[in-house]
Amino acid sequence: EAAVTQSPRNKVAVTGGKVTLSCNQTNNHNNMYWYRQDTGHGLRLIHYSYGAGSTEKGDIPDGYKASRPSQENFSLILELATPSQTSVYFCASGERTGGYEQYFGPGTRLTVL
Amino acid sequence: GDSVTQTEGQVTVSESKSLIINCTYSTTSIAYPNLFWYVRYPGEGLQLLLKVITAGQKGSSRGFEATYNKETTSFHLQKASVQESDSAVYYCALGDLSSGSWQLIFGSGTQLTVMP
């Protein structure tokens, strides 16, 4: 069954530490996305990718890096985590066909202390 | 830029009652954006509930309906009789191709609680 999975599902990190969030998709979609969701806000786009080797900045990229080593995998990297990055992070994949629908993973809850 | 507004952060409805969750959108870059409703059940990721890509058309799924109204720039979600299992967070979204990424622009979400 096609799916988007994320790991870890929960993460507690210390300020200044490095955090890597991983995403894997079996949809064979070219596009992948990282969003964060905060109370009172909708999902906001951090980075996205058109395919392996590609990463692009979204609306709120500051403090985040992304890596797309393969069609299936897309990582979000926080080199120096800060408490303001405490949030729920969602990965998604999508394609131009099918009305540009995106398929989401279950989310990662990150707490930075 | 483009934006999506959901005015109700939380809605509580008794089981078997009707529901409406409001959504309006604003776009400067796309004449006819694709419109979506996503739902997030507790502990799960977002799932597509319904989508409409043509102005004037209605989308429906699992008893929910939404009509794409270009005149009022609205895409309200309705259900005639809610069930306890409908309790979830509902997000209205707009598909934006103008940036080249085809990102989704989300509203802030509406937490629906259905009381037994």
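When you filter the GluC sites (Glu not before Pro) in segment B:17-90 for DSSP loop state and at most 10 other Cβ atoms inside 10 Å of their Cβ, you are left with B:Glu71.
What are the GluC sites (Glu not before Pro) within segment A:1-99 that DSSP puts in a loop, where the Cβ has at most 13 other Cβ atoms within 10 Å? Write down the numbers at each step before the final one.
On the way: sites: A:Glu1, A:Glu56, A:Glu72, A:Glu79, A:Glu95; in loops: A:Glu1, A:Glu72, A:Glu79, A:Glu95.
Of the GluC sites (Glu not before Pro), the ones in loops of segment A:1-99 whose Cβ has at most 13 other Cβ atoms within 10 Å are A:Glu1, A:Glu79.
If you roll a 1.4 Å probe over segment B:1-109 with all protein chains in place, what percent of the accessible area is carbon or sulfur? That share works out to 46 percent.
Between A:Ala3 and B:Glu71, the modelled label-to-label distance comes to 4.6 nm, taking each label 7 Å out from Cα in the direction of the beta carbon.
Based on the reciprocal of the average 1/r between different C-alpha atoms, the Kirkwood radius for segment B:1-81 equals 13.6 Å.
Computed with a 1.4 Å probe on the full set of protein chains, the accessible area for A:Ser7 sits at about 60 Å². As a fraction of the 1.4 Å probe accessible area of segment A:1-40, surface on carbon and sulfur atoms comes out at 46 percent.
Could you pull out the pairs from A:Lys11/A:Lys57; B:Lys17/B:Lys58; A:Lys11/B:Lys17; B:Lys17/B:Lys51; A:Lys18/B:Lys51 whose alpha carbons sit more than 28 Å apart here? Pairs exceeding 28 Å: A:Lys11/B:Lys17; A:Lys18/B:Lys51. B:Ser85 sits among other residues whose Cβ lies under 11 Å from its own Cβ, and their net charge, with Lys and Arg +1 and Asp and Glu -1, is -2.
For the pair B and A, the buried accessible area comes to roughly 1700 Å² in total, with a 1.4 Å probe and the value rounded to the nearest 100.
Take the Cα of B:Gln111, step 7 Å toward its Cβ, do the same at A:Glu72, and the gap between the two points is 3.7 nm.
The values are calculated or read from the model by the stated rules, or taken from the named source; none is laboratory data. Because the structure is a prediction, the values reported are computed rather than measured. No Cβ is skipped: glycine too gets one built from the backbone with ideal geometry, and neighbour counts run over all protein chains shown. Quick note on the areas: whole protein, heavy atoms, side chains included, nothing else; ligands and nucleic acids left out. Shrake-Rupley method; radii C 1.70, N 1.55, O 1.52, S 1.80 Å.
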